[in-house]
1. Identify, from the list A:Gly131, A:Gly79, A:Gly90, the residue that is more than 18 Å from the chain's Cα centre (by Cα), part of a loop (DSSP other than H, G, I, E, B) and more than 11 Å from every other protein chain (Cβ to nearest Cβ).
2. With respect to the numbered conditions (1) modelled with pLDDT under 90; (2) in contact with a Phe, Trp or Tyr (Cβ under 9 Å, 6 or more places away or on another chain), which one is the sole condition not fulfilled by A:Gly47?
3. On the basis of being at the interface with chain A (Cβ under 7 Å from one of its Cβ atoms) and aliphatic (A, V, I, L, M), does B:Ala77 make the cut?
4. Does A:Leu106 meet the test of being in contact with an Asp or Glu (Cβ under 9 Å, 6 or more places away or on another chain), closer than 23 Å to B:Trp52 by Cβ and in contact (Cβ under 8 Å) with a residue 60 or more places away in the chain?
5. Within the range A:191-211, how many residues are modelled with pLDDT of 70 or more, exposed (fewer than 13 other Cβ atoms within 10 Å of the Cβ) and over 13 Å from A:Lys5 (Cα atoms)?
6. With respect to A:Cys59, determine if the residue is under 20 Å from A:Gly163 (Cα atoms) and in contact with a Leu (Cβ under 7 Å, 6 or more places away or on another chain).
7. Quick one: count up the residues across the range A:165-196 that are within 12 Å of chain B (Cβ to nearest Cβ), in a helix (DSSP H, G or I) and within 21 Å of the chain's Cα centre (by Cα).
8. Do we find a residue being outside any loop (DSSP other than H, G, I, E, B) and modelled with pLDDT of 80 or more anywhere in the range B:27-39?
Amino acid sequence: MARMKFICDTERCIECNGCVTACKNDNEVPWGINRRRVVTVNDGIVGQEKSVSVACMHCSDAPCMAVCPVDCFYRTDEGVVLHDKDICIGCGYCSFACPFGAPQFLSQGAFGSRSKMDKCTFCSGGPEVNGSVAEFEKYGRNRLAEGKLPLCAEMCSTKALIGGDDEVISSIYAKRVSVREANGRYPSTDIFGWSTAYGPSGSPAPKPTPADKIPGAKS
Amino acid sequence: MKLNFKTLGLCLAAGTLLAACSEPPEIAAKAAKRPDVAPYMGADNGFMTKGWTPGNQASWAEAINKRNQKQSEYSRAK
């Protein structure tokens with residue numbers, strides 16, 4: 001079974017924000033929420049400026065799942081961390097726990113009240129019927145069920161952002177690194193967020209939420 | 001007149017004591033987690049890609065793998 005992951009190649013990202021725009025447009029994400037964003041460090045310093053596209057990394061041992069007081073998160077067989085907005089109470093614990101700042105909240109209400117949490121779903125919707133209007137309105141597109149990969153990765157012009165089965169995308173990245181090394185450039189290139197999200201290499205695969213832990217699910 | 005006050009008092013007391021009986025039950029199970037359908041079962045819309053069979057996990061995985069490979073310019077340029 002595939003383990004879906006994202007890689008952002010900081011040597012390739014040109015801060016075009018195409019991924020951000022594609023995500024917002026395709027999922028019709030409301031104003032005030034960015035499921036994906038591009039962060040740039042050393043801005044303007046020649047040779048040291050690096051950009052990285054950040055969203056939910058669908059961690060193997062997801063801190064958001066651990067801290068959620070109403071247990072609205074679950075992990076699919078593909079390793080994607082999703083949540084049920086009908087259970088979420090918008091407490092914001094997940095946003096404090098997440099090392100990538102993935103959970104997002106609308107804060108337009110009185111007294112600082114927050115909406116239910118919204119985050120990247122790896123374009124795989126939520127616990128509604130695949131591809132239904134209800135799923136789209138709550139979670140956005142379900143491209144995985146359409147036989148596609150997340151739009152942010154698929155439309156990236158420089159292919160800095162790649163997403164999909166971990167073995168495939170890590171082999172794509174490894175090929176790039178070996179070519180760079182052969183050319184004498186960027187001799188050591190680490191992948192942003194990889195060890196934070198998925199642990200050191202050789203870590204065991206994440207287990208999907210067991211069916212007996214989901215009331216009403218068929219075992 | 002006294003009897004009427006007594007009846008009225010009894011009615012008010014009964015109304016106060018029995019008020020909670022009309023409250024609808026708030027069952028926590030309403031917000032229980034629901035099972036999600038696997039992506040290889042396909043989507044109920046007109047945006048499905050061709051070349052794989054909904055419900056067949058192997059064909060879905062193959063279609064996703066093909067799409068994965070398109071992210072590598074080294075394999076695309078061959």
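1. A:Gly90
2. All conditions pass for A:Gly47, except number (2).
3. No, not satisfied.
4. It is false that A:Leu106 is in contact with an Asp or Glu (Cβ under 9 Å, 6 or more places away or on another chain), closer than 23 Å to B:Trp52 by Cβ and in contact (Cβ under 8 Å) with a residue 60 or more places away in the chain.
5. Within the range A:191-211, residues that are modelled with pLDDT of 70 or more, exposed (fewer than 13 other Cβ atoms within 10 Å of the Cβ) and over 13 Å from A:Lys5 (Cα atoms) number 5.
6. no
7. Result for the range A:165-196: 9.
8. Checked the range B:27-39: at least one residue is outside any loop (DSSP other than H, G, I, E, B) and modelled with pLDDT of 80 or more.
The values are calculated or read from the model by the stated rules, or taken from the named source; none is laboratory data. Please read these numbers as outputs of a predicted model, since none were measured by experiment. Every residue, glycine as well, gets a Cβ built from its backbone with ideal geometry; the counts of neighbours run over all protein chains shown.
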